[in-house]
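*Asks:* Next up is a structure, given as structure tokens.
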Amino acid sequence: MAAALAAAATGTLQAATPTVEQALQLTPLQEVEYEIPTADEIAKCSIRSEKVNGATGWVVYGPAGEKMRQFVDSNGDNKVDLWAYYNNGIEVYRDLDTDFNSKADQYRWLATGGSRWGFDENEDGAIDRWEIISPEEVSAEIVAAVRDKDVKRFQSLLLTATEAKELGLGKEKAAELTSSLTAAANDFTKWAAAQTAVKSGTKWVHFGATRPGIVPAGTDGASLDLLVYENVAAVVETAGEHSQIDIGTLVKFGNAWKVIAAPRNAAVADSAASQGFFFQASFAAKRPDMDGASGRPAVNAEAQKLLDELETLDDKLTMATTAAARQDVTKERIVTIEALAAASGEGEARDNWLRQLADAISAGVQTGEYPDGMTKLQKLAEETAKAAPGSDVASYVQFRRMSADYTQQLQDPNANFTKVQDAWLENLEGFVKAYPKSDDAAEAMLQLAIANEFAGEEDKAQAWYSQIRDDFAGTSLAKKAEGSVRRLTSVGKTINVAGKTLDGKQVSLASLKGRVVLVHFWATWCEPCKQDQTIMRQLQAKYGRKGFELIGVSLDSDKADLSKYLTQTRLTWPQIYEDGGLDSPLATDLGVLTLPTMFLVGADGKVISRNIHVSQLDTELGKLLK
């Protein structure tokens, strides 16, 4: 192997540029779908050294001039620390070496590759903790863990005991959850070895669940609201045959969704196990036309008969083991749900059934269990839009239609993914214009804002954050969006950073005017953050007498974790703390979405940089503190 390629594989960036063939031999450390050119295409590819966001890197271009790979030395130490992989010209994944020791410690899926962000704390190639992962991606990871009988992979998705304490559950529910978490790893090992639904060639197909729900503060003694999915299932396919596994309950913790128990075979799940952990009723038993006052179904005899039929079909769908059987049952379910919507008259009950109908058709299109469903879904979208223009139910159906159409296009082996993605983003923008106040519009705007910010299109990101702030005023999402605008526009302005340390001392950025200050947002679970602190100690010793100060802002969820760490580490600069972690007022006020985040503030109290990297600090401080 040529020296340049060997250097790239181990992290070293040499002066000699590797060949295209050598560069294309490097592969992602995690599973991701990315572009691999054919032998004929390789001959038309090119590679050259370029400046990438001010850093040096190698970039591989495909036959049409599209990016295929990017290997970057972000801190100028002549070692590659970012390995990026593309699909149809769009970056879908990157390996990151954030402590610059020539080993990847973070993995990020981007754009059409997904939203996952995993941390590999011991740098062994396996993800130990998820910073960001969606419910759909959790279900796919569970299937992969079962397939490989990998209990460590499963445990990375499991709510930890420390996290469970932060949920604010009442005593009885907390004890029940602790019991489930304690047994989960052992249950997973036993079940994975005995089950037959997932085999070596099995592929994840679809995430199955009704909409997520809030467990409000006060329920069974809970002190905080909690967002959960109940009765989650994963549809899998093996050699053309479909089956289903029961994942159970997912809870949202920070920016990641977590499981609370081992999966199980949905075909043998008993009625007690199929009930939700928090809502305590199965999907079939808790239909959307429940009478809120009595808790009993407010339905007539005709509707009750249809409800019974739907419950039977739900059981059949769970038991179906072939693709043909699942298609047949799916068609019957959709017909039954249509009949229930028609039998529900007008009002919220009917709207709820229309939402379920849209969910069922959309899911069927995306899994292939209802391949001809787009025509019906399009018709449903048109009918709801005509009957109730601009309504919540119309927007709900339209968003599911868009999502199903997008997924169906991506599944086409001849699809132009760049065009499909561009069209999807345009559709999202169009949806927001058509239904600006809907729940799905808020979600669409957030996705657009984050995508634009990570793509470097900060003006667009700021516009979306601003729209969330204005259109959803008073919500937690609006407050975070307002903070994100404040962060994006902070250079040249003063920012408010103030709070108390664990021992009650008041700390404020304003009181340090006249000094150059680094504000470091971090947490004890963020390994790169803690590694940064080693360099910060050195910089404090070098520049402290010249007018350099530091303020740490801990975004830990558990005060005990911070206290233990500070006792052991004894940092020499103040650490502000407030309950709430990444959702705390300290994080919300400046829209802090990822860690570490660092602000460099000048002696005049104005922000010089809002995203400075620790490797840049020595040079910047040398200029500022001559």
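*Asks:* Within region 202-229, track down each residue that is charged (D, E, K, R) and within 24 Å of the chain's Cα centre (by Cα).
*Replies:* Result: LYS203, ARG211, ASP225.
*Asks:* Continuing with the same structure: Since TRP525 meets every condition but one in (1) assigned by TED's automatic domain parsing to the domain that holds ILE612; (2) more than 23 Å from ASN255 (Cβ to Cβ), which condition does it not meet?
*Replies:* Result: TRP525 passes all but (2).
Here's the yes/no breakdown for (1) modelled with pLDDT of 95 or more; (2) among the basic types (Lys, Arg); (3) assigned to a loop (DSSP other than H, G, I, E, B):
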| site | (1), (2), (3) |
| --- | --- |
| VAL517 | yes, no, no |
| ARG545 | no, yes, no |
| ASP561 | no, no, no |
| LEU571 | no, no, yes |
| ILE576 | yes, no, no |
| PHE599 | yes, no, no |
| SER615 | no, no, no |
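*Asks:* Checking TRP83 against (1) farther than 30 Å from VAL251 by Cβ; (2) part of a strand (DSSP E or B); (3) at pLDDT below 95, only one condition comes out false. Which one?
*Replies:* Result: TRP83 fails condition (3) only.
*Asks:* Would you mind stating whether SER511 is closer than 25 Å to ILE132 by Cα and either at pLDDT below 90 or not assigned by TED's automatic domain parsing to the domain that holds THR112 (or both)?
*Replies:* Considered against the rule, which asks whether it is closer than 25 Å to ILE132 by Cα and either at pLDDT below 90 or not assigned by TED's automatic domain parsing to the domain that holds THR112 (or both), SER511 comes out as no.
*Asks:* Provide a single number: the residues in region 45-73 that are in a loop (DSSP other than H, G, I, E, B) and exposed (fewer than 14 other Cβ atoms within 10 Å of the Cβ).
*Replies:* Summing the residues that are in a loop (DSSP other than H, G, I, E, B) and exposed (fewer than 14 other Cβ atoms within 10 Å of the Cβ) in region 45-73 gives 4.
*Asks:* Still on this structure, I have one more. If a residue counts only when it is aromatic (Phe, Trp, Tyr) and at negative phi, which helices (runs of 4 or more DSSP H) contained entirely in region 149-211 have at least 2 such residues?
*Replies:* Details: elements: 151-155, 161-165, 171-194.
Filter on region 149-211 gives 171-194.
*Asks:* Let me ask something else. ASP556 - would you say it is on the phi < 0 side of the Ramachandran plot, of a type outside the set (Phe, Trp, Tyr), touching a residue at least 24 places away in the same chain (Cβ under 8 Å) and surrounded by fewer than 19 Cβ atoms within 10 Å (Cβ to Cβ)?
*Replies:* No: the conditions fail for ASP556.
*Asks:* Further, regarding this structure: Just give me the residues in region 113-131 being under 13 Å from the mean Cα position of the chain (by Cα) and farther than 15 Å from GLU527 by Cβ, in sequence order.
*Replies:* GLY113, GLY114, SER115, ARG116
*Asks:* Another one. Check whether at least one residue in region 163-183 is surrounded by 15 or more Cβ atoms within 10 Å (Cβ to Cβ) and within 18 Å of the chain's Cα centre (by Cα), and report yes or no.
*Replies:* yes
*Asks:* Which one of ALA523, ALA560 is of a type in the set (A, V, I, L, M) and out of contact with any Leu (no Cβ under 7 Å at 6 or more places or on another chain)?
*Replies:* ALA560
*Asks:* Just need a number here: residues in region 458-509 that are outside any helix (DSSP H, G or I), surrounded by 15 or more Cβ atoms within 10 Å (Cβ to Cβ) and under 21 Å from the mean Cα position of the chain (by Cα).
*Replies:* Residues in region 458-509 being outside any helix (DSSP H, G or I), surrounded by 15 or more Cβ atoms within 10 Å (Cβ to Cβ) and under 21 Å from the mean Cα position of the chain (by Cα): 0 in total.
*Asks:* SER508 versus (1) in contact (Cβ under 8 Å) with a residue 24 or more places away in the chain; (2) touching a strand residue (DSSP E or B) at 6+ places or on another chain (Cβ under 6 Å): which is the lone unmet condition?
*Replies:* The failed condition is (1).
*Asks:* Turning to a different aspect of this structure: Can you tell me how many residues within region 339-348 are in a helix (DSSP H, G or I) and surrounded by 19 or more Cβ atoms within 10 Å (Cβ to Cβ)? It would help to see each step written out before you state the result.
*Replies:* Of region 339-348, the ones in a helix (DSSP H, G or I) are 339-343, 348.
Among the residues that remain, those that are also surrounded by 19 or more Cβ atoms within 10 Å (Cβ to Cβ) are: 340-341, 343.
Looking only at that region, the number is 3.
The values are calculated or read from the model by the stated rules, or taken from the named source; none is laboratory data. Note that this is a predicted model, so its numbers are computed, not measured. So basically every Cβ, Gly included, is an ideal-geometry build from the backbone, and we count neighbours across all protein chains shown.
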